[in-house]
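Below is one structure, written out as structure tokens, with a few remarks after it.
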Amino acid sequence: MRPIRVLIVDDQALFAEALAARLGAERDLEVLPVAHDIRRATALIATEAPQVVVLDLVLGEESGLDALDLIRRRYPDVRVVVLSGITDIDPMVTALRRGAVGWLPKTESADLVSQVIRRAAGRGGWIPPTVLGEVLRRLFADGVPGTDDLAELTPREREVLRCMVDGLNRPEIADRLGLSANTVRTHTQNLLGKLDAHSALEAITVAMRAGMRPSNPGDDPPF
């Protein structure tokens, strides 16, 4: 398998270079030269085609949200994970609504960052478990890009989506439905496409907007 190409966009040079060195030690990650501003970031995306961008929300005098909007508009297939010192929920929800597929505080370990990068490259994502419930509630209340119409889904895709709402991972979904992991992966990719969802989080939120709820009332679906 080819390594996942990763671009770090962060104006804190020492932090960014240290993170790049650490992630570069992972065999399945190929870390590109660090970008410290939006201009450099977009230039590298155009020429180096990263699959995942790890983005800070503060880039000197520039806004990471502006960078996110630009990346999503010009390069919709690039997956963006926010890695920021900001821990407020409001900008977190805003970034997710604008197309980020994950959020990590800078205090997290490089091991977790690398895991989230892999999940992002595989059309997954990650939100800190401590705020997941509140983030989902706000996304559910305010809406996310996509549609709340599940009519295009096949019965099996609906079953897979309901398992996702229940918080099951791929092996658990395969076990519950009596399917292979590869078949579950195919159904998941198909339903994400039909829902115009960029991540499991968006798919779960769309499902909840359409009336699906976790099997155990009161439980928040893990992401």
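The values are calculated or read from the model by the stated rules, or taken from the named source; none is laboratory data. No experiment lies behind these values; they were computed from the predicted model shown. Cβ atoms come from the backbone with ideal geometry, glycine included; neighbour counts cover every protein chain shown. Side chains are part of the model used for accessible areas, which takes the heavy atoms of the whole protein and leaves out ligands, DNA and RNA. Shrake-Rupley method; radii C 1.70, N 1.55, O 1.52, S 1.80 Å.
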I'm told Val6 meets every condition in (1) part of a helix (DSSP H, G or I); (2) within 20 Å of Arg118 (Cα to Cα) except one. Can you identify the failing condition by its number? (1)
Looking at (1) in contact with a helix residue (DSSP H, G or I) (Cβ under 8 Å, 6 or more places away or on another chain); (2) not in a helix (DSSP H, G or I), find the lone condition where Pro91 falls short. (2)
Residues satisfying the stated conditions in the range 55-69, i.e. over 17 Å from the mean Cα position of the chain (by Cα) and either touching a residue at least 60 places away in the same chain (Cβ under 8 Å) or outside any loop (DSSP other than H, G, I, E, B) (or both): Val58, Leu59, Glu62, Ser63, Asp66
Residues of the range 15-43 satisfying the condition of being open to solvent by 50 Å² or more (accessible area, probe 1.4 Å) and either more than 19 Å from Gly64 (Cβ to Cβ) or assigned to a helix (DSSP H, G or I) (or both): Phe15, Glu17, Ala18, Ala21, Arg22, Ala25, Arg27, Asp28, Glu30, Arg39, Arg40
Got a number for residues in the range 92-111 being at pLDDT 90 or above and open to solvent by 30 Å² or more (accessible area, probe 1.4 Å)? 5
Of the numbered conditions (1) modelled with pLDDT of 90 or more; (2) open to solvent by 30 Å² or more (accessible area, probe 1.4 Å), Arg123 satisfies every one except a single condition; which is it? (1)
Top-ranked residue of the range 1-14 - restricted to ones that are closer than 21 Å to Ser63 by Cα and touching a residue at least 12 places away in the same chain (Cβ under 8 Å), ranked as surrounded by the fewest Cβ atoms within 10 Å (Cβ to Cβ): Ala13
Checklist (1) modelled with pLDDT of 90 or more; (2) more than 15 Å from Val6 (Cα to Cα) applied to Glu61, failing item: (1)
Enumeration of residues in the range 44-57 that are within 17 Å of Ile117 (Cβ to Cβ) and surrounded by fewer than 16 Cβ atoms within 10 Å (Cβ to Cβ): Glu48, Ala49
All conditions in (1) open to solvent by less than 80 Å² (accessible area, probe 1.4 Å); (2) modelled with pLDDT of 80 or more; (3) under 17 Å from the mean Cα position of the chain (by Cα) are true of Ala200 except (2)
If I ask for residues that are open to solvent by 30 Å² or more (accessible area, probe 1.4 Å), within 16 Å of Thr205 (Cα to Cα) and in contact (Cβ under 8 Å) with a residue 40 or more places away in the chain, which ones from the range 149-187 would you list? Asp149, Arg162, Asp166
When Arg72 is run through (1) in a loop (DSSP other than H, G, I, E, B); (2) open to solvent by less than 60 Å² (accessible area, probe 1.4 Å); (3) among the charged types (D, E, K, R), the failure sits at (1)
Inspect all residues belonging to the range 136-148 and state whether any of them is surrounded by 15 or more Cβ atoms within 10 Å (Cβ to Cβ) and modelled with pLDDT of 85 or more. no
Do the conditions hold for Arg170, that is, is it modelled with pLDDT of 85 or more, within 24 Å of Val52 (Cβ to Cβ) and not aromatic (Phe, Trp, Tyr)? no
